[in-house]
Amino acid sequence: PVLGLKLTDMGRETHSRSIVAMQVYDRLNAAYPDLKSMHQVVVRADADRSPEVTAALRELAADVEDDPRLSGTSRLTTSPDKRTSMLQLQVPYYVSSDEAQSSLNDIRDTYVPETVGRVKGTETAVTGDVARYTDYPTHQEQKLPLIIGALLLVTFAMTVWAFRSVVLGLVGVVLNLLSAAASLGILVTVFQHTWAEGLVDFTSTGSIGSRVPLFLFVILFGLS
């Protein structure tokens, strides 16, 4: 992460509990804990393998039934053409919690390979609320250097074309990087930490929304 930036896909649990809507949300989750988040194991295979896939998914559901990180409630559905099946596993924890994150890793790395992973000719993926919270920031961190590189290249090319000077092109790239670094540094210092909460009246989540750095780079470079 750049400049100590901690990216996260902001969920409802990251908002301040002083907000009335979030208080209602918490009461709903207390009454119906299954609503917090879920894992969705999706399997695609030929229609004639539907019985094997169904049996494997039921085996997976039985394997995780006593897992304390899951609610024990599962739901298995199959498409009308028998080619796609989905097992929903309820998670009674917020998507950012250690329990939810570790359960996702175990389902992907252990439970799926030992059940539906053994059925030949299948494509399997694990999605859901927890997976989206985990995968999106990871994907963006991997792709962000490519986006920054493209912005720098375009900035350099346009500056050289406009001013007919390679030196000015390089200066433009350096100044843009310094500007973006300063902006990110201030963003992290103020909003990722807690010291400014009273000053600007907000509740720090200890992280920055995963989309913010991308928007910041694009807007700053565009204005420049």
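The values are calculated or read from the model by the stated rules, or taken from the named source; none is laboratory data. Bear in mind the structure is a predicted one, so any value in this text is a computation, not a measurement. Here the Cβ is made from the backbone with ideal geometry for all residues, glycine too, and neighbour counts use every protein chain on show. When the accessible area is computed, the model is the full protein with side chains, heavy atoms only, and any ligands, DNA or RNA have been set aside. Shrake-Rupley method; radii C 1.70, N 1.55, O 1.52, S 1.80 Å.
Tally time: how many residues in segment 163-183 are over 16 Å from Leu223 (Cβ atoms), assigned to a helix (DSSP H, G or I) and of a type in the set (Gly, Ala, Ser)?
Selection size over segment 163-183: 1.
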Exercise. Would you confirm whether any residue within segment 41-59 is open to solvent by less than 60 Å² (accessible area, probe 1.4 Å), over 15 Å from Gly117 (Cα atoms) and not in a helix (DSSP H, G or I)?
Key: no
Quiz prompt | Among (1) over 16 Å from the mean Cα position of the chain (by Cα); (2) open to solvent by less than 20 Å² (accessible area, probe 1.4 Å); (3) at pLDDT 80 or above, the one test that Asn29 misses | solution = (3)
Exercise. Could you look through segment 184-194, keep only residues that are open to solvent by 60 Å² or more (accessible area, probe 1.4 Å) and assigned to a helix (DSSP H, G or I), and pick out the one that is modelled with the lowest pLDDT?
Key: Phe191
Self-check item: Residue pairs meeting the criteria (Cβ under 9 Å; at least 6 apart or on separate chains; first farther than 23 Å from Thr124 by Cα, in segment 90-108; second among the acidic types (Asp, Glu))
Solution: Pro92/Asp34; Pro92/Glu99; Tyr93/Glu99; Tyr94/Glu13; Ser96/Asp9; Ser96/Glu13; Ser97/Glu13
Quiz item: Only one residue in Asp98, Asp81 is surrounded by fewer than 20 Cβ atoms within 10 Å (Cβ to Cβ) and over 26 Å from Ala30 (Cα atoms). Which one?
Solution: Asp81
Quiz item: When you go through Ile219, Ile147, Ile186 one by one, which is the residue that is under 30 Å from Ser37 (Cβ atoms) and either in contact with a helix residue (DSSP H, G or I) (Cβ under 8 Å, 6 or more places away or on another chain) or aliphatic (A, V, I, L, M) (or both)?
Solution: Ile147
Quiz item: Give me the pairs: first residue in segment 121-141 and closer than 18 Å to Gln88 by Cα and assigned to a helix (DSSP H, G or I), second residue open to solvent by 30 Å² or more (accessible area, probe 1.4 Å) and modelled with pLDDT of 85 or more, beta-carbon distance under 6 Å, and six or more apart or on different chains, which are they?
Solution: Asp129/Met38
Quiz item: If you check every pair at least six apart or on different chains, which have Cβ atoms under 6 Å apart with a residue in segment 199-224 that is farther than 14 Å from Ala180 by Cβ and open to solvent by 60 Å² or more (accessible area, probe 1.4 Å) first and a residue that is at pLDDT 80 or above and not in a loop (DSSP other than H, G, I, E, B) second?
Solution: none
